[in-house]
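The values are calculated or read from the model by the stated rules, or taken from the named source; none is laboratory data. None of these values were measured; they are calculated from a predicted model. All Cβ positions, even for glycine, are placed from backbone atoms using ideal geometry, and neighbour counts span all protein chains on display. Just the protein is used for accessible areas: all its heavy atoms, side chains included, with ligands, DNA and RNA removed. Shrake-Rupley method; radii C 1.70, N 1.55, O 1.52, S 1.80 Å.
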Amino acid sequence: MANLSNPFLQTDGKKPTCMEMLQSILDGVATPEQKVYFKQHMDHCMPCYKEYNLDMAIKELLQSKCCGGDCPEDLVAQIKAKIKSSAA
Ligand SMILES: [Zn+2]
């Protein structure tokens, strides 16, 4: 693969894992460059694609069903864990 500059690359040169990239995106702390990079990454990384879409679906569901969009993060985590354990 070409050595594209990865906007997620840390200053110490450490390569971020899928999980770390995903977390930045989902936490909303990613820069526009990181978002673009991650979108391209998702196209050929099925775990990231699934995890991202699962998270987005849950967030959307919670926003439409409860408390006007201000949902506790641990509730999201709980639901995710449930979905994962039933899917496994
Ligand atoms: Zn990935």
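Provide a single number: the residues in the stretch 1-47 that are within 12 Å of the chain's Cα centre (by Cα), open to solvent by 80 Å² or more (accessible area, probe 1.4 Å) and touching a residue at least 12 places away in the same chain (Cβ under 8 Å).
1
Give me the helices (runs of 4 or more DSSP H) completely within the stretch 18-86, filtered to those with at least 2 residues that are within 16 Å of the ligand (Cβ to nearest atom) and closer than 17 Å to SER5 by Cα, ordered by residue number.
Values: elements: 18-27, 32-43, 46-65.
Ranges flagged: 18-27, 32-43.
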